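The values are calculated or read from the model by the stated rules, or taken from the named source; none is laboratory data. Here the structure is a predicted model, which means the values were calculated and not measured. We place every Cβ from the backbone using ideal geometry, glycine too, and count neighbours over all the protein chains shown.
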């Protein structure tokens, strides 16, 4: 009797163990995990922009011995268009960034509204990703449990049909592991990295706006250099 109970529980234990270990843990402290790498990434990005904006670097990259001729050629070919639109786009981003981070009565109101809206969006995204992890884990666990039950229940009489069923469910598990599992884990980790960004989604949005603005400012240096 005990052997029969153990044989029934064995597939369940195996399935639970596998499903619990191949999905990313939901309750891990991802903010603490990604906090330092994200700060280093942000710092590296702005140091790189500062390097590209250095006058000697601008002169070298726009000179005859440039190592990126195609990029400089494109800037030079579109210099008129860039000169026409860059000031406006940069100015718009600058205004949006100032309003976003506060600094005035209207800016503070907009910043609080943005934070509240993005916090709700952040909570909804986290809940959706966690639910997706749980549902996918349950689905995989069920597939693995069925597989082991079929495997354990093989007899001489049912050998042929069981082998076919095992083949089908193996393909189903393989497809899930190669297609669904990476997508679920990737979406979850991207979400957690976004939330781990200093300031959460609000901080990430501010960083994106300021990064685009900074990048356009650097492009402006090169536009002016090739226009001389």
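For residue 129, the conditions (1) surrounded by 18 or more Cβ atoms within 10 Å (Cβ to Cβ); (2) under 21 Å from residue 97 (Cα atoms) all hold with the exception of (2). Within the stretch 17-34, restricting attention to residues that are modelled with pLDDT of 70 or more and either touching a helix residue (DSSP H, G or I) at 6+ places or on another chain (Cβ under 6 Å) or surrounded by 15 or more Cβ atoms within 10 Å (Cβ to Cβ) (or both), the residue that is farthest from residue 192 (Cα to Cα) is 18. So for the stretch 87-98 (the condition being closer than 30 Å to residue 201 by Cβ, modelled with pLDDT of 80 or more and loosely packed, with under 11 Cβ neighbours inside 10 Å), does at least one residue qualify? Yes, there is a match, as at least one residue in the stretch 87-98 is closer than 30 Å to residue 201 by Cβ, modelled with pLDDT of 80 or more and loosely packed, with under 11 Cβ neighbours inside 10 Å.
Here residue 65 meets each of (1) more than 32 Å from the chain's Cα centre (by Cα); (2) assigned to a helix (DSSP H, G or I); (3) at pLDDT below 80 with one exception, condition (2). Here is the figure for the stretch 35-62: residues that are farther than 28 Å from residue 204 by Cβ and at pLDDT below 85 total 5.
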